[in-house]
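Structure record follows, encoded as structure tokens.
The values are calculated or read from the model by the stated rules, or taken from the named source; none is laboratory data. Just so it is clear, the structure is predicted and the values come from calculations on it, not from any experiment. Virtual Cβ from ideal backbone geometry, glycine too; neighbours counted across all protein chains shown.
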Amino acid sequence: MLKDTMLYLAKQDGIRQFVSHNPVGRRVARRFVAGEALDEAMDVSEELNGRHISASLDHLGENVSDSTEARAAAADYIKILDRIAASTADANISVKLTALGLDISPAQARTNLMRVLERARELNIFVRVDMECADYTQATLEIVAELHHDYDNVGTVVQSMLYRTPKDVEALIASKTRVRLVKGAYLEPPAIAYPRKADVDAAYRELMFALLERGTYPAIATHDERLIADARRFAAAHGIAKARLEFQMLYGIRRDLQEKLAQEGYNVRVYVPYGTQWYPYLTRRMAERPANLVFVASNAFRG
């Protein structure tokens, strides 16, 4: 019920306007968002690198409905790539196809993504295409599959909450596409997604084992210590070296666990979002984890 409520609030423009312009809301957002400018995100990346942790930068924004804005989003992603290369930061980028024009047409999103991938290949930087709500799953996977033939520096994300994901994972393994495995942060109907957390977790575990055993440098994206322990045990039992996988977590969540894994020699990458359009991202983080909501509430009362 709490998750459903938070995800509903993420779509309410009036509430978004209020929270986005409220000093307390903006202060709380800084726990989970690096800032509103690229300079701030680069500073966070540098700090993470100093702790032997990589970064994945994302300029927040989605559901663009204007072609000019979609092209501008592609230019923004290219700007991030250039900054990463100029700074020699240990970072890559995450992109959203709805920011690149997917709501306008798949062709437009594909064209803008190609621009980003072309520059990323020149700079030897990996690009992760984020997965959005289930309405976009098929189009996202089709575009990634098509472009992966020419750009091996592109990968994507799958969500264990969706019933379709095991089949998608098998196709991604076969094509040697790099995958980030997440549980899923969108409100989906029970006709296409597991409604129970226990089932989402069980599906995650099975998908994780398949990716660890047969995938191409899988990214295990979770803060769930039980699943992380399962991944470590499975890798050790099957002779999978630490260098063949990566644990991923979100900026502002479980820094202790991030550092522990990095100190033990695992590859760790933190997803670093930035930008002015942080409200939908923040509410999804609240929905995922009750501890995040407690943090927000305690800060709000201090304000």
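Data table
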item: Some residue of the stretch 262-274 being out of contact with any helix residue (DSSP H, G or I) (no Cβ under 6 Å at 6 or more places or on another chain), outside any strand (DSSP E or B), closer than 20 Å to VAL182 by Cα and without any contact (Cβ under 8 Å) to a residue 60 or more places away in the chain; result: no
item: Unmet criterion (only one of (1) outside any loop (DSSP other than H, G, I, E, B); (2) under 30 Å from VAL64 (Cβ atoms)) for PHE209; result: (2)
item: Residues being within 21 Å of VAL157 (Cα to Cα) and either among the β-branched types (Val, Ile, Thr) or part of a strand (DSSP E or B) (or both) - total across the stretch 223-258; result: 7
item: The one condition in (1) farther than 17 Å from ASP58 by Cβ; (2) assigned to a helix (DSSP H, G or I) that THR177 fails to fulfil; result: (2)
item: Neighbours by Cβ (under 6 Å, 6+ apart or cross-chain): first from the stretch 80-96, farther than 17 Å from GLU40 by Cβ and touching a residue at least 24 places away in the same chain (Cβ under 8 Å); second β-branched (Val, Ile, Thr) and not in a helix (DSSP H, G or I); result: LEU81/ILE125; ASN92/ILE125; VAL95/VAL129
item: Residues (touching a helix residue (DSSP H, G or I) at 6+ places or on another chain (Cβ under 8 Å) and closer than 18 Å to ALA193 by Cα) located in the stretch 138-155; result: ALA139, LEU141
item: Unmet criterion (only one of (1) assigned to a helix (DSSP H, G or I); (2) in contact (Cβ under 8 Å) with a residue 12 or more places away in the chain) for TYR186; result: (1)
item: Of all residues making up the stretch 159-174, the number that are among the basic types (Lys, Arg) and either surrounded by fewer than 12 Cβ atoms within 10 Å (Cβ to Cβ) or not in a loop (DSSP other than H, G, I, E, B) (or both); result: 1
item: TYR186 being modelled with pLDDT under 95 and of a type in the set (Ser, Thr, Tyr); result: yes
item: Residue count, the stretch 145-158 (criterion: assigned to a loop (DSSP other than H, G, I, E, B), under 21 Å from SER56 (Cα atoms) and not aromatic (Phe, Trp, Tyr)); result: 2
item: Members of the stretch 230-256 found to be of a type in the set (A, V, I, L, M, F, W, C), crowded, with 16+ Cβ neighbours inside 10 Å and within 21 Å of the chain's Cα centre (by Cα), listed by number; result: ALA231, LEU245, PHE247, MET249, LEU250, ILE253
item: Inter-residue pairs, beta-carbon under 9 Å, first touching a residue at least 40 places away in the same chain (Cβ under 8 Å) and in the stretch 156-176, second of a type in the set (Phe, Trp, Tyr), 6+ apart; result: SER160/TYR194; SER160/TYR204; MET161/TYR186; MET161/TYR194; MET161/TYR204
